[in-house]
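Every number here is computed from the coordinates shown, using simple stated rules; none is lab data. It should be emphasised that the depicted structure is a prediction, and the values quoted were computed from it without experimental measurement. For neighbour counting, all protein chains shown are included, and Cβ atoms are generated from backbone atoms with ideal geometry for every residue, glycine included.
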Amino acid sequence: MSSNPASSTVRVVQIAQPGGPENMHLVQTTVGEPGPGQVRIRHHAIGLNFIDVYQRSGLYTLPLPLQLGMEGAGVIEAVGEGVTHLKAGDRAAYASQPPGSYCDARVMPAMNVCKLPDAISFETGAAMMLKGLTAQYLLKHCKPVEGLNPGDFVLFHAAAGGVGLIACQWARALGLRLIGTAGSDAKCALAKENGAAHVINYNTEDFAARVKEITGGKGVKVVYDSVGKDTWEKSLDSLMPFGLMVTFGNASGPVAPFAPAMLAAKGSIYVTRQTLFSHITSRERTQAMADDLFEAVTSGKVKIHVEQRFPLDQVQEAHRALEARKTTGCTVLLP
């Protein structure tokens, strides 16, 4: 099934112990043939995400030594038994467990690997899968009990980040009035350019008070929050009664435990903690979500902004930039 040798030497980024960016090292390893249900993919670009930082730092505990990276794009070199949706030579992209995309090539489960449309470049494909599928499940599957309709207000934190810029554009296409927050005026302007109806610099304004002002005192139907600890309390205060708080990340640290009675006091609100990997547990579900994302991108409704590129051997610098909030949009590593 492959014209390549049965095994070849590749570079992979690995950590032996959790810690800072300096704990990531390029090591040489061999990559062999895919087994049943697997593919071997040679990467042309690799996506960088905040979940990589959580795994590297030890906030999310995984067996060591650990290869990092949750998304990538490249060319399928070989497919294992039972894989029918891909073949050698196909362009492909994925967001997938287990981690391991920070490498030249890898053998991995085929379930979440999708054929990449010719109209989408490898860099865009690598940058869009985890963040784009996240935006897809947030806007399409994380809805308040009373539903989401054109004209409804939603609040989206870190609106100038990778997920945020996709969500701003997609929300606009769905007719939602997205209020985006970011940590600088420049990032706010970027969110506005990408479809946010209103923007708030949460370093200079009380975003909960501003949300109430924008919505005529009513609040929003949904808050989408990947920031965590720093935005939690005021996010709850931004919701209308029966509103939904969707927490999907911890960029500022994890949210402290809270008493459920507090949800009643704030208007009988709902809280959910989401992760992409609960949504892509089957080949069919992954493909349906990816098709929705591919359509949004190829139609021009959503543009993927690849703003930073680092060679694979500069992965430490890439992580430092991400953690220092010096990046906007998406960042890719290039093998």
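Between residue 307 and residue 62, what is the FRET efficiency for a Förster distance of 30 Å, r being their Cβ-Cβ separation, to the nearest 0.05? Computed FRET efficiency for residue 307 and residue 62: 0.60. Three principal axis extents of region 1-150 based on alpha-carbon atoms, in descending order, are 55, 39, 26 Å.
A straight chain from residue 288 to residue 22 at 0.36 nm per residue would run longer than the Cα-Cα distance by 91.9 nm. With 0.36 nm allotted per residue and the present C-alpha distance subtracted, the residue 9-residue 142 stretch has 43.6 nm of extension available. The mean sequence separation of alpha-carbon pairs under 8 Å and at least six residues apart, normalised by the residue count of region 1-124, gives a relative contact order of 30 percent. Restricting to DSSP H runs of at least four residues, report the calculated mean residue ellipticity at 222 nm for the chain, -39500 (n - 2.57) per run over all residues, nearest 500 deg cm²/dmol. The helix-only estimate for the chain comes to -8500 deg cm²/dmol at 222 nm. Among 313, 52, 237, the ranking by other beta carbons within 10 Å of each residue's beta carbon, starting with the fewest, stands as 313, 237, 52. The mean sequence separation of alpha-carbon pairs under 8 Å and at least six residues apart, normalised by the residue count of the chain, gives a relative contact order of 17 percent. Here is the list for region 249-327: trypsin sites (Lys or Arg not before Pro) lying in DSSP coil, each with at most 12 other C-beta atoms within 10 angstrom of its C-beta, are 326. Fully extending the segment from residue 81 to residue 149, taken as 0.36 nm per residue of separation minus the present Cα-Cα distance, adds 20.0 nm.
Dipole of the chain computed with +1 at Lys/Arg Cβ and -1 at Asp/Glu Cβ about the Cα centre; of 269, 191, 32, farthest Cα towards the positive end is 269.
Note on region 131-148 and region 279-335: Cα centroid distance 18 Å, given to the nearest whole angstrom. Only Cα sites of region 143-273 enter the Debye sum here, all with the same form factor; the resulting log10 I(q)/I(0) across q = 0.10, 0.18, 0.19 1/Å is -0.27, -0.92, -1.03, listed in q order.
Taking all C-alpha pairs of region 49-108, those more than 20 Å from each other amount to 32 percent. The modelled label-to-label distance between residue 256 and residue 320, using points 7 Å beyond Cα along the C-beta direction, is 3.3 nm. Rounded to the nearest 20, the Cβ-based charge dipole of the chain about its Cα centre (Lys and Arg +1, Asp and Glu -1) stands at 420 debye. Ranking 153, 136, 171 by Cα position along the charge dipole of the chain, where only Lys, Arg, Asp and Glu carry charges on their C-beta atoms, puts 153 farthest toward the positive end. The fraction of all Cα pairs in the chain landing in successive 20 Å bins from 0 to the largest distance is 32, 56, 12, 0, given as whole percents.
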